[in-house]
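All remarks here apply to the structure that follows.
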Amino acid sequence: MTDDEPAERIRTDGGTAEGADDVALDPWGSSTVSDYRKLFEEFGIEEFDEVLDEVPNPHYLMRRGVIFGHRDYRPVLDAMRDGDDFAVLSGFMPTGDPHIGHKLVFDEIIWHQEQGGDAYGLIADMEAHSARGIPWDEINEHSRDYLLSLIALGFDPEAGELYRQSDNDRLQRLAFELGGKANFSEFQSIYGFDGETNVSHMQSVVTQMADILYPQLDDPKPTVIPVGPDQDPHVRFARDLATRMRFFKVTEAFASFELDDAERPLVAAAHDAREAYAEDADMPRCGEAAEWLADADLDAAGVLVSESVRESAVEKLENAGMEPLRPRIRFFARQATDEAFEALIEDIEGEKRRYDQHIDAFDMGVDEAEDLAREVEAHHGGYGFIPPSSIYHRFMTGLTGGKMSSSIPASHISLLDAPEEGYDKVKSATTGGRDTADEQRELGGEADKCPVYELYAYLLTGDDDDLAKEVYDECVGGERLCGGCKEQAATMMREFLEDHHEKREEAEEVLDSLDIDLETERRGVAAEH
Ligand code: TRP
Ligand code: SF4
């Protein structure tokens with residue numbers, strides 16, 4: 001997001017209440033982020049803008065920069081474009097009423113479902129009980145409300161799946177299995193858990209890991225998890241666990257030694273340049289490649305790296321001396337049974353060379369190798385998980401300024417608010433307006449700091465980019481005054497809520513026809529947290 005083009009991109013700086021806090025990504029902390037840029041630098045979240053052009057019919061939340069970041073979203077986009085299987089999943093803690101902040105996630109799930117994805121919406125009741133201490137009767141009630149709104153907004157429960165964590169046996173079995181690959185030290189470093197953390201809270205974490213991988217239980221497929229950036233630690237951990245569950249690791253190698261991801265492109269470049277230095281270009285030697293690489297012009301070869309990476313690659317090549325330099329795919333048996341390893345070897349076509357813990361294949365591409373590894377794994381009792389992807393949306397600013405919070409009713413509009421109540425809340429919202437009308441005409445309003453503008457951009461204008469842009473331009477151009485602007489927004493909010501309530505009523509029947517137990521009798525008191 002750049003300051004010089006907001007009017008073009010109809011974007012808003014929503015949720016950036018200044019100095020709100022630093023960038024600690026804490027799933028159970030206060031979810032405000034003061035500087036979204038830091039998320040790219042410090043956590044390696046990638047900018048959504050970089051993939052925007054590749055999205056077929058991008059959602060307005062994508063076009064407007066509300067969805068601002070992602071982790072590894074490309075495999076999902078590729079599947080979407082090629083008509084391959086992919087999935088979308090997100091979850092909701094039933095701690096209170098669903099509000100317009102949750103609507104962003106509902107919309108994201110629904111959009112992916114409309115693009116052909118297998119869609120999942122889940123109720124994180126175990127997390128609500130163990131991490132937030134919500135009693136079961138309240139959980140039952142709120143769960144129903146989340147699901148009704150999700151269906152009312154367009155989720156198709158026949159095509160997709162809705163579930164409650166605590167009622168899903170397959171999920172719990174997967175959670176148990178994943179827990180075997182995680183330990184308490186990791187919980188400490190990732191989530192700051194300590195000796196006082198209740199054990200059910202920890203169970204709810206492995207349950208969330210299972211949620212994230214659940215769409216792949218029957219078949220591995222690219223999966224996107226739309227969430228707020230506070231959930232990124234969960235996404236990273238789930239990606240890690242997905243990899244730890246794999247039987248084989250597939251890498252590209254050029255000789256008997258291993259290369260890391262930084263060194264590999266250098267050695268590939270050396271292989272490409274073999275005509276230039278090899279005595280026999282059909283069989284370049286590692287030593288020859290080392291000599292070339294030591295003083296090759298790498299900029300010209302299109303690979304930019306640090307000198308220390310070059311040195312380590314040169315050293316590896318030198319040590320291999322007369323060994324031929326020859327590209328190959330290497331399969332490591334990470335935790336495969338002997339039987340699975342034998343089956344893999346059997347299935348590799350073309351020339352192969354077998355070692356104790358790995359096998360090299362000479363006539364295969366990486367993608368083909370990945371597919372084969374996954375297939376063999378699936379046939380031998382493994383899951384073959386693909387690391388899940390994520391997309392991140394900005395947090396909405398509260399209507400009273402500061403953060404939007406479920407526990408402050410005036411700060412948000414609940415999807416259960418009466419239409420008139422919604423109208424009133426918008427009318428009393430803070431704005432990015434100036435002190436006087438004259439000043440506003442002269443200087444223009446500050447739409448980028450205005451919670452009312454956010455309502456337009458995130459919700460009220462829907463797919464109508466022209467209207468969003470008009471509000472923005474008129475505001476910053478001083479042609480729009482806050483009184484009239486809020487009246488218009490409040491009226492639109494009233495209409496939205498009227499319509500939403502009608503659809504919720506229609507959704508009642510649909511929800512009742514689904515096999516989801518929303519009146520679970522559970523005994524006990526809420527967990528210590
Ligand atoms: N932890 C999430 C929250 O606090 C809820 C959740 C549970 C979730 N399982 C999930 C979100 C899986 C995304 C994917 O709201
Ligand atoms: Fe916000 Fe509208 Fe006022 Fe602009 S005119 S500051 S968008 S309320």
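The values are calculated or read from the model by the stated rules, or taken from the named source; none is laboratory data. Keep in mind it's a predicted model, so treat the numbers as computed, not measured. Quick reminder, even Gly has a Cβ in these numbers, built from the backbone with ideal geometry, and neighbours come from all protein chains shown.
Of the conditions (1) at pLDDT 95 or above; (2) assigned by the TED database to the domain that holds GLU342; (3) within 25 Å of PHE332 (Cα to Cα), ASP261 clears all except one; give me its number.
So the condition that ASP261 fails would be (1).
Pairs under 7 Å by beta carbon, first residue closer than 19 Å to GLU487 by Cβ in region 433-456, partner of a type in the set (Lys, Arg) and at pLDDT 95 or above, six or more apart or different chains?
GLN440/ARG434; GLY445/ARG434; GLY445/ARG480; VAL452/LYS486
Residue by residue through region 188-240, note down the ones that are away from ligand 1 (no atom under 13 Å from the Cβ) and either aliphatic (A, V, I, L, M) or not assigned by the TED database to the domain that holds ALA119 (or both).
ILE190, VAL199, MET202, LEU217
Only one residue in GLY117, GLY101, GLY91 is under 18 Å from ILE516 (Cβ atoms) and either away from ligand 2 (no atom under 16 Å from the Cβ) or in contact with a Pro (Cβ under 6 Å, 6 or more places away or on another chain) (or both). Which one?
Result: GLY91 is the single residue among GLY117, GLY101, GLY91 that is under 18 Å from ILE516 (Cβ atoms) and either away from ligand 2 (no atom under 16 Å from the Cβ) or in contact with a Pro (Cβ under 6 Å, 6 or more places away or on another chain) (or both).
Looking at region 398-419, is at least one residue within 12 Å of ligand 2 (Cβ to nearest atom), of a type in the set (A, V, I, L, M), buried (at least 24 other Cβ atoms within 10 Å of the Cβ) and touching a residue at least 60 places away in the same chain (Cβ under 8 Å)?
For region 398-419, residues within 12 Å of ligand 2 (Cβ to nearest atom), of a type in the set (A, V, I, L, M), buried (at least 24 other Cβ atoms within 10 Å of the Cβ) and touching a residue at least 60 places away in the same chain (Cβ under 8 Å): absent.
Only one of (1) near ligand 2 (Cβ under 9 Å from one of its atoms); (2) closer than 21 Å to ASP107 by Cβ fails for TYR458. Which number is that?
Failed condition: (1).
Could you give me the residue pairs with C-beta distances under 7 Å whose first residue belongs to region 464-484 and is assigned by the TED database to the domain that holds VAL426, whose second residue is near ligand 2 (Cβ under 7 Å from one of its atoms) and small (Gly, Ala, Ser) wherever it lies, and which are 6+ apart or on separate chains?
TYR472/ALA447; CYS475/GLY445; CYS475/ALA447; VAL476/GLY445; VAL476/ALA447; ARG480/GLY445; CYS482/GLY433; CYS482/GLY445
Going through region 31-61 one residue at a time, which ones are within 14 Å of SER390 (Cα to Cα) and buried (at least 21 other Cβ atoms within 10 Å of the Cβ)?
Selection gives ILE45, PHE48.
Just name the residue that is nearest to the chain's Cα centre (by Cα) out of those in region 310-351 that are more than 22 Å from ASP371 (Cα to Cα) and among the hydrophobic types (A, V, I, L, M, F, W, C).
Among residues in region 310-351 that are more than 22 Å from ASP371 (Cα to Cα) and among the hydrophobic types (A, V, I, L, M, F, W, C), the one nearest to the chain's Cα centre (by Cα) is ALA313.
Hey, can you tell me all the residues within region 429-468 that are in a helix (DSSP H, G or I), among the basic types (Lys, Arg) and modelled with pLDDT of 95 or more?
ARG441
Give me the residue from region 190-212 that is surrounded by 24 or more Cβ atoms within 10 Å (Cβ to Cβ) and among the β-branched types (Val, Ile, Thr) and, out of that set, farthest from GLY384 (Cα to Cα).
VAL205
With respect to PRO215, is the statement that it is surrounded by 22 or more Cβ atoms within 10 Å (Cβ to Cβ) and either within 16 Å of ligand 2 (Cβ to nearest atom) or on the phi < 0 side of the Ramachandran plot (or both) true?
It is true that PRO215 is surrounded by 22 or more Cβ atoms within 10 Å (Cβ to Cβ) and either within 16 Å of ligand 2 (Cβ to nearest atom) or on the phi < 0 side of the Ramachandran plot (or both).
Would you please name the residue that is nearest to ALA119 (Cα to Cα), looking only at residues in region 51-108 that are part of a strand (DSSP E or B) and among the β-branched types (Val, Ile, Thr)?
Going through the qualifying residues, I end up with VAL88.
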